[in-house]
Amino acid sequence: MIRGVRGATTVAENNDVEIIKATDELVKEMISKNHIAATDVAQVLISVTNDLDAVFPAAALRKIEGWSFVPVMCMQEIPVPNSLRKCIRVMMTVNTSIPQENINHIYLGNAVSLRPDLKAE
């Protein structure tokens, strides 16, 4: 079955070190909590708010062993007024036998405010 696994995090500053570190932490947590193997991933979409442009967050995935062939695309989030700033969002499309209601969507940093109803266990 194909499932979407969501995640989001925030950074304090628009710099390459912080963006890569936060993306790495988020993606590794998504992988761990959902038992995801790179070979089961169809694609990863990463969006950032328009105040983050220091680096492509996809670079974090390229550093994870076994993930070099996973298709990853970065894009800019819609700049909705009063939305969460300095936010990185990830949508992973994976093949998994986990039922949709048991997928662990991961929200870190200030991004926990986006979906308090989907807190990981």
Filter result for residue 22 (out of contact with any Phe, Trp or Tyr (no Cβ under 7 Å at 6 or more places or on another chain), under 25 Å from residue 113 (Cα atoms), at pLDDT 95 or above and outside any helix (DSSP H, G or I)): no
Those residues of the range 83-121 which are outside any strand (DSSP E or B) and of a type in the set (A, V, I, L, M), in sequence order: 84, 98, 103, 108, 111, 112, 114, 118, 120
Residue check, residue 72 over 11 Å from residue 23 (Cβ atoms) and without any contact (Cβ under 8 Å) to a residue 60 or more places away in the chain: no
Extreme residue, nearest to residue 12 (Cα to Cα), among residues of the range 30-76 that are of a type in the set (D, E, K, R) and part of a loop (DSSP other than H, G, I, E, B): 51
Where a residue in the range 12-31 is under 15 Å from residue 53 (Cβ atoms) and touching a residue at least 12 places away in the same chain (Cβ under 8 Å) and its partner, wherever it lies, is of a type in the set (Ser, Thr, Tyr) and surrounded by 17 or more Cβ atoms within 10 Å (Cβ to Cβ), with Cβ under 9 Å and at least six apart: 22/9; 22/10; 23/9
Residues of the range 79-111 satisfying the condition of being touching a residue at least 24 places away in the same chain (Cβ under 8 Å), over 19 Å from residue 39 (Cα atoms), of a type outside the set (A, V, I, L, M, F, W, C) and out of contact with any helix residue (DSSP H, G or I) (no Cβ under 6 Å at 6 or more places or on another chain): 79, 83, 85, 86, 89, 100, 107, 109, 110
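Across the range 63-77, which residue is nearest to residue 32 (Cα to Cα) among those that are aliphatic (A, V, I, L, M) and surrounded by fewer than 18 Cβ atoms within 10 Å (Cβ to Cβ)?
That would be 64.
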Top-ranked residue of the range 1-38 - restricted to ones that are surrounded by 17 or more Cβ atoms within 10 Å (Cβ to Cβ) and of a type in the set (Ser, Thr, Tyr), ranked as farthest from residue 94 (Cα to Cα): 10
Condition met for residue 80 (crowded, with 18+ Cβ neighbours inside 10 Å and not in a strand (DSSP E or B)): no
Residue count, the range 16-51 (criterion: of a type in the set (Gly, Ala, Ser) and within 13 Å of residue 6 (Cβ to Cβ)): 1
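The values are calculated or read from the model by the stated rules, or taken from the named source; none is laboratory data. Given the structure is predicted, the values throughout are model-derived calculations rather than measurements. Glycine gets a Cβ as well: all are built from the backbone with ideal geometry, and neighbour counts include every protein chain shown.
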